[in-house]
1. Using Cα centres only, tell me the gap between region 177-255 and region 44-63 in whole Å.
2. Going 7 Å from the Cα of GLU294 in the Cα-to-Cβ direction, what parts of region 392-418 have a backbone nitrogen less than 18 Å from that spot?
3. Collect residues whose amide H, placed 1.01 Å from N in the peptide plane, falls under 5 Å from the amide H of VAL466; neighbours closer than 5 in sequence don't count.
4. Taking θ as phi - 60°, what are the ³J(HN,Hα) couplings along region 138-152 by the Karplus curve (6.51, -1.76, 1.60), each to the nearest whole Hz, with x for Gly and Pro?
5. So what does VAL337 come to for accessible area, using a 1.4 Å probe and Å² rounded to 10?
6. Which net charge results for the neighbourhood of GLU276, defined as the other residues with beta-carbon distances under 11 angstrom from its beta-carbon, given Lys and Arg at +1 and Asp and Glu at -1?
7. With +1 on each Lys and Arg Cβ and -1 on each Asp and Glu Cβ, and nothing else charged, work out how big the dipole of the chain is about its Cα centre, in Debye to the nearest 20.
8. Does region 234-332 classify as rounded, prolate or oblate by the C-alpha gyration tensor (a ≥ b ≥ c root eigenvalues; a/c under 1.5 gives rounded; else a/b over b/c gives prolate, otherwise oblate)?
Amino acid sequence: MPTILNDGGLPLKASQQLPFAYELHESFFEKLNEWIGDVFYDLLPEAGMELRDEQIFMAFQLEKAFREKKVMFAEAGVGTGKTIVYLLYAICYARYMRKPAIIACADESLIEQLVKKDGDIDKLSNLLGLSIDVRLAKSREQYLCLEKLEAERSREDYPDHYDMVYDRLPSFVHTNQTMQAFTPYGDRKQYPELDDEAWSRINWDTFQDCFVCKKRHRCGQTLSREDYRQATDLIICSHDFYMEHVWTYEARKREGQLPFLPEASSVVFDEGHLLEVAAQNALTYKYRHNSLEELLTRLLQNDVREPFAVLIEELLSQSLYVSQLIEQHARPVPGTVRHELKTAAVLTELQRLVSYIGQLEEEMVFESELFTIDDYQLRIVEEHLETIKHALTLYLQQENVISWVEREDGLVTLVIMPEMVEEVLKEQVFSKNIPFIFSSATLSVDGSFDYIASSLGIEEYVSFSVDSPFDYAAQMKLFTPRLFTEDVWEAKLEYAVNLLEKTDGSALLLFTNHEELQRFKLAVKSEPRLQKWPFLFEGEQEISRLISLFQADVQTVLCAVSLWEGLDIPGPSLSNVIIWSLPFPPADPVFTAKRHRARNPYAEVDLPYMLLRLRQGIGRLIRTHHDQGVVTILSPELCQQQELQSAIRAILPNGVQMKMEGLDAEMPDLPTVEAKNMIE
């Protein structure tokens with residue numbers, strides 16, 4: 001293979017060269033197809049991997065999306081090997097286009113599976129002898145905030161674990177010494193011992209003003225951003241971070257900053273059915289009085305005119321009053337941590353607050369001409385004020401907007417989200433002339449991809465579906481016990497105990513919300529029969545650490561809310577999936593708004609969402625041809641509603657029957673602990 005030169009006439013690095021011979025006068029895609037064929041028919045089987053027809057079918061379907069720069073919905077069942085397929089195309093196309101591919105995953109656990117030692121990328125690199133340049137672009141809340149850490153450590157009687165975090169900081173953070181090379185630090189994963197609550201007190205959040213932070217050039221988040229922008233092959237990020245990049249793109253350009261992510265050759269959305277949620281989260285605005293007060297108080301520290309200072313004081317006084325009104329009229333929403341705001345009570349005062357902000361913006365134009373305030377600082381304040389005014393104006397219009405109130409540590413936050421994200425996605429994302437690949441085992445509803453396409457503003461797409469290669473009829477049993485009792489919770493608990501006895505632990509319990517999980521956690525502490533197995537609960541430690549502990553001990557029971565997707569635990573550590581409730585969408589403002597827009601809310605919103613998520617939850621059990629186990633759905637309504645039964649039976653893996661009898665003799669003979677250890 002001849003040496004390939006870059007645009008400057010210098011030899012390309014190994015991670016920039018195509019893994020096959022290619023000359024400029026040849027067809028790139030013809031040469032790529034030849035190589036892909038060699039990989040699946042020769043190279044991977046020679047390395048001991050089985051030849052999968054489903055994987056090869058997917059590979060040559062993806063070629064169309066990359067050649068024609070299309071949006072593709074690639075629905076491939078568990079065990080297809082879809083990750084290997086999209087990685088091969090993404091890497092080669094990135095090197096051909098001289099721009100990295102972006103792989104956006106639904107959450108941090110999926111990212112970990114891609115990048116960990118012996119993960120998918122590592123395996124591919126070793127099998128094919130490829131040097132792959134892959135770098136992480138994690139969401140901002142996944143990073144330590146040095147300012148918040150300092151604030152926590154300044155409190156009296158602060159917990160010792162914050163000293164542990166401080167002591168692990170690189171020396172250049174505390175000194176003026178020059179950093180010789182990129183040193184990653186401050187990532188959530190580096191502090192697995194912290195539970196979610198402890199981490200939330202020191203991580204970045206939306207109310208941190210990084211633009212004027214004196215530590216930002218030594219910040220782990222900033223340093224990692226400078227590093228991943230240099231990637232040549234792959235940048236791995238979360239859906240949330242990709243959408244944050246999209247929504248902040250223009251604002252960052254106005255502020256003279258680089259966008260969060262560089263231009264990409266292609267984008268792959270792993271577990272792409274969850275992208276809409278990330279899009280809505282990223283487009284969310286938050287108003288909190290304390291944040292506005294901190295922002296404007298900085299201006300008063302300058303030599304400003306008295307009328308300007310008086311206006312700021314009046315604005316802050318009105319903001320405080322509005323915040324008090326919001327707290328007074330917010331009511332809890334059952335089943336969520338959100339509060340509903342009685343809108344009429346605050347509209348007039350919010351309108352007055354918006355008027356004050358408009359006046360201040362006008363005065364800032366005149367103030368800037370006096371040069372008493374640093375121009376950069378003024379520009380940042382203007383940007384923040386513009387965002388706050390835009391958000392509150394959206395709220396005041398009361399059309400196509402979703403809102404709720406959050407309360408935490410005595411602080412009240414008004415959250416404002418545009419109801420319709422389709423048009424923004426259509427214009428700012430899917431109008432780009434690059435391949436977009438949605439990869440998941442669950443993208444269609446009743447064989448159609450229209451549900452996900454319409455929710456994302458996608459008008460034209462190509463698609464395919466391919467079944468899993470597993471023999472589900474032989475490997476999986478699925479039960480839904482009849483729960484005809486007044487105390488459904490106790491009945492569920494009794495069945496869960498019996499199920500754990502059958503499999504001697506080795507179970508994943510999936511809950512639909514944190515309230516369910518916390519109630520079960522209390523039951524574990526008080527139920528003697530549950531003391532024999534180690535339990536892990538989401539939120540107690542960093543999520544990838546919990547997954548590693550779960551996989552390492554075959555008797556462990558993992559309890560989670562967010563692991564319906566992405567958890568990949570082959571082997572004996574997971575032989576029992578208990579679904580505590582059917583995963584219907586919550587009664588929060590986002591889904592309430594969706595229901596209001598639908599002609600038939602149950603058929604158009606609730607049922608499709610539940611079926612997609614249930615398919616994912618069931619898919620956690622069988623990950624290889626050797627796995628076997630049982631899935632149990634603890635749902636009294638399932639036993640009582642024939643239409644619901646039919647809908648769920650239609651989405652079960654081929655060959656799997658739903659048994660309504662409960663725990664009976666048909667439950668498979670699952671491995672004993674001793675046998676599991678031998679297999680492991």
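1. What the calculation gives is 36 Å, centre to centre.
2. Label zone hits: 406-415.
3. GLU75, ALA76, GLY77
4. So the Karplus estimates, Gly and Pro as x, are 8, 4, 4, 6, 7, 10, 5, 9, 4, 5, 5, 4, 4, 5, 5 Hz.
5. Accessible area of VAL337: about 110 Å².
6. On the way: positive: LYS594; negative: GLU422.
So the environment of GLU276 carries a net charge of 0.
7. 500 debye
8. Oblate, because a/c is 1.5 or more while a/b does not exceed b/c.
The values are calculated or read from the model by the stated rules, or taken from the named source; none is laboratory data. From a predicted model like this one, the values you see are computed outputs, not experimental measurements. Here the Cβ is made from the backbone with ideal geometry for all residues, glycine too, and neighbour counts use every protein chain on show. Ligands, DNA and RNA are excluded from the accessible area calculation, which covers all protein heavy atoms including side chains. Shrake-Rupley method; radii C 1.70, N 1.55, O 1.52, S 1.80 Å.
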